[in-house]
1. Out of curiosity, is residue A:94 modelled with pLDDT of 80 or more, buried (at least 21 other Cβ atoms within 10 Å of the Cβ), touching a helix residue (DSSP H, G or I) at 6+ places or on another chain (Cβ under 6 Å) and hydrophobic (A, V, I, L, M, F, W, C)?
2. Could you go through the stretch B:261-280 and let me know if any residue there is in a strand (DSSP E or B), within 11 Å of another protein chain (Cβ to nearest Cβ) and surrounded by 19 or more Cβ atoms within 10 Å (Cβ to Cβ).
3. Pairs needed: first member in the stretch B:364-390, within 14 Å of chain A (Cβ to nearest Cβ); second member anywhere, surrounded by fewer than 18 Cβ atoms within 10 Å (Cβ to Cβ) and not in a strand (DSSP E or B); C-beta distance under 8 Å; at least 6 residues apart or different chains.
4. Out of curiosity, is residue A:97 assigned to a helix (DSSP H, G or I), of a type outside the set (D, E, K, R) and closer than 27 Å to residue A:138 by Cβ?
5. Does the stretch A:68-77 include one or more residues that are touching a residue at least 40 places away in the same chain (Cβ under 8 Å) and within 14 Å of another protein chain (Cβ to nearest Cβ)?
6. Among A:77, A:85, A:167, which is the only one that is modelled with pLDDT of 75 or more, part of a loop (DSSP other than H, G, I, E, B) and hydrophobic (A, V, I, L, M, F, W, C)?
7. Which of the residues spanning the stretch B:135-150 are under 24 Å from residue B:55 (Cα atoms), surrounded by fewer than 18 Cβ atoms within 10 Å (Cβ to Cβ) and touching a residue at least 12 places away in the same chain (Cβ under 8 Å)?
8. Just one of (1) at pLDDT below 85; (2) touching a helix residue (DSSP H, G or I) at 6+ places or on another chain (Cβ under 6 Å) trips up residue B:233, so point out which.
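The values are calculated or read from the model by the stated rules, or taken from the named source; none is laboratory data. What you are looking at is a predicted structure, and each value in this text was computed from that prediction instead of being measured. Glycine gets a Cβ as well: all are built from the backbone with ideal geometry, and neighbour counts include every protein chain shown.
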Amino acid sequence: MTLADRMLSPLEHDALTELVNIGVSRAASGLRQMVGGEVLLSVPSIEVVSHKAAAALIGEREGSDLVAVRQDFAGAFGGRALLIFPHGASLDLVRAVVGDLLPDAEARSLEHEALAETGNVILNGCLASMANMLERPVTISLPQVLHGDGATLFQPEPGDDDGLVLFLYINFSVRNRRIRGYIAMLMDLPSLAALKLLVGDFINRVMNDDTVGP
Amino acid sequence: MTRSAHRLRAHPVADGLDDQAIAAAWAEAEALGGPMLVALRRSAMAMVLTDPRLPDNPIIDINAAFTELTGYAAAAVRGRNCRLLQGPETDRATVAMLAAALREGRAVRAELLNYRADGSSFWNALSLTPVLDALGEPRFYLGTQTDISGARRIGSVETTLRTQARELDVVRERLRLALSVAGAAAAWEWRIPERLVVGDERFAALYGITEAAAAAGISPAAFFAIIHPDDRARIRLAVGGMLRGAEVFSKSYRVVLADGECRWVQARGRSVNDAAGQPDRFLGALVDITEHKRIEEQLRIAQTAGGIGTFEFTYGFATVAVSRHFCDLLGLHPAAELPVATINGLVCPAHRPVVDPVTRAAAGDVTQREFEIERPDNGERRWLTLRGEYLRDTESADLRLSGVIYDITEAKRREAQLRTLNGTLESEVEARTRERDRLWRLSGDPFLVADQAGRWLAANPAWTEVLGWPAASLVGRTSEWLEHPEDAVSTHAALTRGGGESRFEGRLRTAAGDWRWLSWTAVAEGGLLYCVARDITAEKAQALALAEAEARLRQSQKMEAVGQLTGGLAHDFNNLLTGVTASLEMMRTRIAQGRYDALERYIVAAKDAASRAAALTHRLLAFSRRQTLAPKPVEANRLIGGMEDLVRRTMGPEIEITTRLAPGLWLTLCDPHQLENALLNLCINARDAMPGGGRLTIATDNADLGGATARASGLPAGEYVELSVADTGTGMAPDVAARAFDPFFTTKSLGQGTGLGLSMIYGFVKQSGGQVGLVSRPGAGTKVTLLLPRHQGSGPGEAAPAPPVRLPRARPGETVLVVDDEATIRMLVADALRDRGYAVMEAGDGAAALELLREAAAVDLLVSDVGMPGGLNGRQLADAARALRPGLKVLLITGYAEQAVVGEAALAGGIEVMTKPFALDALGLRIRGMMDGPPG
């Protein structure tokens, strides 16, 4: 990952992973409250890649039939956050959230809404806790459900085609359903530079915190 | 250690394996082995053909794939035993097993370590199959070789891998037991609000503190203190995350124990929140994984070396943990985790998925299968083998599939090649049949099927093109109506002559009325004649034109040589004449002085000069006489000896001439005149190459050419007579030498040569079954060598020197009439005859002679010159004289053996011819003979 190497030092990479870990842990707890059941979320890996590589990566792994929940965020660092599922997995998630008792047709009619809400819980929890950890406020837009392939989802906004994607692989376990998905944060270079600075601050705080406590 | 390949390369290649023998062996092997062998030979499968009937079962030939595999070219292995592939580490027992199978004549397969020409080794899956002859005895052995080094390597790595995987599982199991039963893991409870880490007794042991101190709790700083400095920041960050809301902790890192020893540990933990949802406690445990790490490292090395990708899939999970090489093999970006769907999505339809999340197996089951994938990065299709084992997961109690994959595309490809070989053969036969049919219709060569009586049954469309007759008018009858009446062999007769296969040429009439030459090949099979004819009319015409042109060229070449000679000869002749005339003058002087005793030396000198002049003219005449190639046994040394004089005169004084003639030189069969012509031409070329003088060497030798030397000269092996002409002249540049034999190629300026000399020589020598060689370097002279086949018959017959005879004299009254316009000759002849006792009359021309004949009472014999002025030549005079006196004997003397003038038919009837110059004694003998013979 030369891009990631250029962007983040190994320690920064570790720190970012921990930040995301904290974020998805929060999100999982939110989701847990929402579905009233066991929810486990984990992030095995994060990568920093270009838009094109992100699209290729997800295309290679999941094909072109994708569903995503999109939320834009702004603040000290800003960009676009995407929670991406392969098409089948999104239905599984909806089914996990709304429960097995609902008839299929009804579950399907709820899909859009359920996805938007689930996405909001996860992305919001993730972003908010990261902002919290980095001690910077972030405003987050309302969720939007998108369908399409990697290229569509990762199409850069006009003017920020030099941006990068923070690409997170996540495993979900909701009520014993195993669901995989991705979180992608599309940020332009200034935002990434700001994030890098904040991550550095976070590292300093943790390292200098001899008492080790919040 | 000496590489076996080097040692073996010094081995001599058996003789006798020339191209013909190899081709014959193939033909025989293919006849015995059938189309399978033909296809094999052409296939990408390496193969050798050996002949067990020759000593040490040598290789007869190999195919191109063998060279590709082993690096040995065909020439390097022919005649050698297959063991040239063996080397120091080749298993002797396997070799012995192969040898035993060969002795018993049975087929055998084995895998053994072989060595290439460059000394590198490879695992060879060898298959030896006897090709049996009609008696069931092995006639040949066919060996096929497949490089299975890749599979071998994978095999051995896999064994290691399995051992290590088992070890790993043992370790894991031990860990699990340690964790669950004995509490071998050091456990801690991080009380977040109190900033205290409380540990159990193992934690105390690990940290080198008392159990009590551990139970009381240590500071977070003390917790981090034993972590290896390189890992500390990472772990502090991870713990920092846990303290700030992260739920799961799983890290491996190094700790440095009190005694300084460094150990790898795996730490896992979870956070527990308080009622408000804030992190309250962080529970963790760590186990020593040093051994585990070591094995993992070995495993990684083994995997990388073997090109093996590993994966582990736990049932219920959506992802598969994979190694980097696993991703490489699938053509995916490197990742530690891959979605199941991603991996399975690469598998080509009709193959089972790599990981089947639905089908369950029992712990301990082993799965192995091959499947084909399409790589997403380059679209290439590859074959992979998967081997996996189902294990009970120690953590989730779920089943997990732990396995490896490796690439087997190459092995698959070879396998497929072999499998399709048979199929290919069948389709080839089919294609050939179709081809034959297509050939019949499309060929430009006329094809014909006829019955045994020569009646045409089917003719292909090409006939109409060649002869202009519609096919319908050709079939149903024999070819007799089309044949040329003057053909030596009728086409119909040749066709029906019988025998398996016949070849002949004949002419057939076209619809337009002209003639076409056809070259036929007819094969009798199943009561029918299958014939292919080829229109060779153009070739025939060309050949004829060529022959004529060649004859003309040869003649012009001769004339050119004569022209070259004339200058030298004129000069020579004048010298000789001077010798004669000067001698005569001296004789007259001495006679006038009365010194008769001094006459003899002048007589000898004059006679010598005259006979040398006679030899010169003889040779010149013989040389310019038009000759077709008339081969006779030739003694080259004698021929050269005979022309040495001529050569010497042609060369001039500045060129030294050396002859090195091998004693006991064999005979050769060729046209002596052409050979003379050839040598003379070479000498003239040599002279022209030495304008400033030099040395000309004419040499002969016997040459017994072995296979290789003969092949290099383009000749069959055998005995040859070698003639060479070498000069010390200017020599030729390579490009000039290369074209030296081309017709009309000359370096001489216009008018000095036709450029035909060497090409004519080349033509003559080739026609005589020999070869011409030329060696030349600028400034170092030129040597042209003629090789002519040895002739085993008897020699040309030595003209035995005539025994001294008693000079015959005239019987009383015998009268001779001598006619010659040249007074000197007339006088000499007349005086010589008078000396021998004849009565002699003389006449200066034909008319005077006839006059005398009418008047004189008795004339027994007429001696007349042939070429005479005055309207009556010798021949006409003879006829007229015999009209006057029937039965008159006539001797014509001529300086020119002009048969046309003399008239061959008349020679039988008492008219004889004698060629000038002649010795007077010879004349006397001839006349005596005629006088004693029957009347004309």
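1. Judged against the criteria, residue A:94 is not a match.
2. The answer is yes, given that some residue of the stretch B:261-280 is in a strand (DSSP E or B), within 11 Å of another protein chain (Cβ to nearest Cβ) and surrounded by 19 or more Cβ atoms within 10 Å (Cβ to Cβ).
3. As it stands, the answer is B:373/B:331; B:373/B:348; B:374/B:348; B:374/B:380; B:375/B:331; B:376/B:331; B:377/B:331; B:378/B:331, since those pairs meet every condition given.
4. yes
5. Looking for residues that are touching a residue at least 40 places away in the same chain (Cβ under 8 Å) and within 14 Å of another protein chain (Cβ to nearest Cβ), one finds none in the stretch A:68-77, hence no.
6. Sole residue among the options that is modelled with pLDDT of 75 or more, part of a loop (DSSP other than H, G, I, E, B) and hydrophobic (A, V, I, L, M, F, W, C): A:77.
7. B:137
8. The one condition residue B:233 does not meet is (1).
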